[in-house]
Every structure is written in C-alpha cells, then in structure tokens.
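Structure, as structure tokens:
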Amino acid sequence: MVDGLILLTQVGLLALLLLLAFRMSALVRAEPVNCTSPVYVSEPRTAARGSFGQHSSRPVSDRARLITQLHILAGLQERDCRVNGLELPAAPEVVRAYAAAWLYGAGCALSEKSTRHSGALARVVAQIASRKTGIPQQEALQAISTLTGSTVLLACFRAGLEGAEFWRESQYVPPASSLYEAITANAFI
C-alpha cells in the first residue's frame with residue numbers, strides 16, 4: 001500500500017514537471033526573452049523620447065525596484081514633514097511642487113544613468129508625488145520640466161539627489177538633505 005502511494009506521488013510529480021516544461025516552452029515561443037531589450041516603458045521608442053532627454057532602456061525589474069525605493073523614500077520624507085508640522089497634502093501647491101522636485105532628484109539618484117532625466121522617470125516621479133503629496137500629476141510634471149527656472153526648485157532637486165544617494169548607502173537621509181529641510185530652508189512657508 002505504501003509503495004503504491006509513493007509510486008503514485010512520483011508519477012504525479014513527474015506529470016507536474018512535464019506540464020511545467022511544456023508551459024515554459026510555450027511561453028518562450030510566444031514571447032522570447034531578451035534581457036537587453038528596452039522594456040523600461042511600455043511605449044514605443046519614438047514616443048518615449050521627449051523634452052527630458054534620453055530614452056530609458058532598463059529592464060522591468062529595475063523599474064519596479066526604482067518605484068519601490070521611491071515609494072519608501074517618499075513615505076519616510078512625508079512622515080518626517082508631518083512630524084515637523086508640515087502636512088504636505090494640505091500645503092500650498094507651490095510647496096507640493098518643491099516636494100515633487102525633491103522626489104525627482106531622489107529618482108535621478110536612485111535610477112541608472114541611462115534613465116536619468118527621461119520622460120519615463122518624470123512620469124513615475126509625478127505619479128508617486130501625486131499619491132504622496134496630493135499634487136496633480138500635470139503640475140508635478142510642470143515643476144519637473146521647469147527645474148532650472150526656479151532656484152528653489154533646483155535647490156530641492158539637489159537636496160533630493162544628495163539625500164537619496166546617502167539613503168541608498170545607509171538607509172538614512174541626513175537632516176540637511178531631507179525634504180522638510182529643503183522646503184523650509186529654501187522657501188518661506
């Protein structure tokens with residue numbers, strides 16, 4: 001009886017293994033895997049080029065990792081602002097634009113050099129900024145595209161860049177590079 005059960009289990013496992021091999025080969029035939037293909041964005045290559053420069057060519061896993069890191073960093077900075085008395089969702093829109101610029105700097109620091117200053121990165125940052133601060137995505141994109149037109153936006157971008165570079169190494173943002181400090185040191189609120 002026990003021998004029959006063991007044999008039946010082995011046959012079942014062999015059938016599952018064959019089914020797995022069949023499914024994997026069917027998936028490979030349907031959609032070949034190319035690790036160097038530009039799958040960072042789901043748009044065609046020509047449509048992804050824009051006023052932000054280079055087209056990104058990172059695999060999806062890098063994009064997911066970037067989004068995860070930006071969500072964590074934005075959440076930590078939003079909490080830090082709230083603890084210090086600055087409620088970003090209730091702040092004036094210009095303050096939320098400063099937060100979007102800070103987050104864009106952080107995104108540039110956390111992404112690969114080939115994807116920095118791309119339209120895809122700007123859209124990801126605008127989406128996260130919209131969720132964390134309440135700024136509409138269009139206003140966040142506008143703030144990102146006009147960074148060099150405002151010294152405050154540029155200072156917030158730089159602080160985000162420095163803060164995220166430090167955070168990547170130590171999982172800690174120094175107070176001098178934090179979002180709260182960037183906003184309060186460079187803007188009158």
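For Arg82, the conditions (1) at pLDDT 85 or above; (2) touching a helix residue (DSSP H, G or I) at 6+ places or on another chain (Cβ under 7 Å) are fulfilled apart from (2). Looking across the stretch 169-181, the residues that are under 13 Å from Asn84 (Cα atoms) and either aromatic (Phe, Trp, Tyr) or open to solvent by less than 60 Å² (accessible area, probe 1.4 Å) (or both) come down to Ser178, Leu179, Tyr180. Determine, yes or no, whether Arg82 is among the basic types (Lys, Arg), in a helix (DSSP H, G or I) and under 16 Å from the mean Cα position of the chain (by Cα). Considered against the rule, which asks whether it is among the basic types (Lys, Arg), in a helix (DSSP H, G or I) and under 16 Å from the mean Cα position of the chain (by Cα), Arg82 comes out as no.
Of all residues in the stretch 123-151, those that are at positive phi have Cβ atoms under 6 Å from Cβ atoms of residues that are in a helix (DSSP H, G or I), 6 or more apart or on another chain, in Gly134/Pro89. Pairs needed: first member in the stretch 164-176, closer than 18 Å to Ile67 by Cα and of a type in the set (A, V, I, L, M); second member anywhere, open to solvent by 100 Å² or more (accessible area, probe 1.4 Å) and part of a helix (DSSP H, G or I); C-beta distance under 7 Å; at least 6 residues apart or different chains. So the pair list comes out empty. Applying the condition of being touching a helix residue (DSSP H, G or I) at 6+ places or on another chain (Cβ under 7 Å) and among the charged types (D, E, K, R) to the stretch 124-168 and asking which residue is farthest from Ser111 (Cα to Cα) yields Glu139.
Being more than 11 Å from the chain's Cα centre (by Cα), within 20 Å of Ile72 (Cα to Cα) and open to solvent by 30 Å² or more (accessible area, probe 1.4 Å) holds for only one residue in Gly149, Gly134, Gly163, Gly105, and it is Gly134.
The values are calculated or read from the model by the stated rules, or taken from the named source; none is laboratory data. Every value quoted in this text rests on a predicted model; they were computed, and no experiment measured them. Using ideal geometry, Cβ is built from the backbone for each residue, glycine included, and neighbour counts are taken over all protein chains shown. Quick note on the areas: whole protein, heavy atoms, side chains included, nothing else; ligands and nucleic acids left out. Shrake-Rupley method; radii C 1.70, N 1.55, O 1.52, S 1.80 Å.
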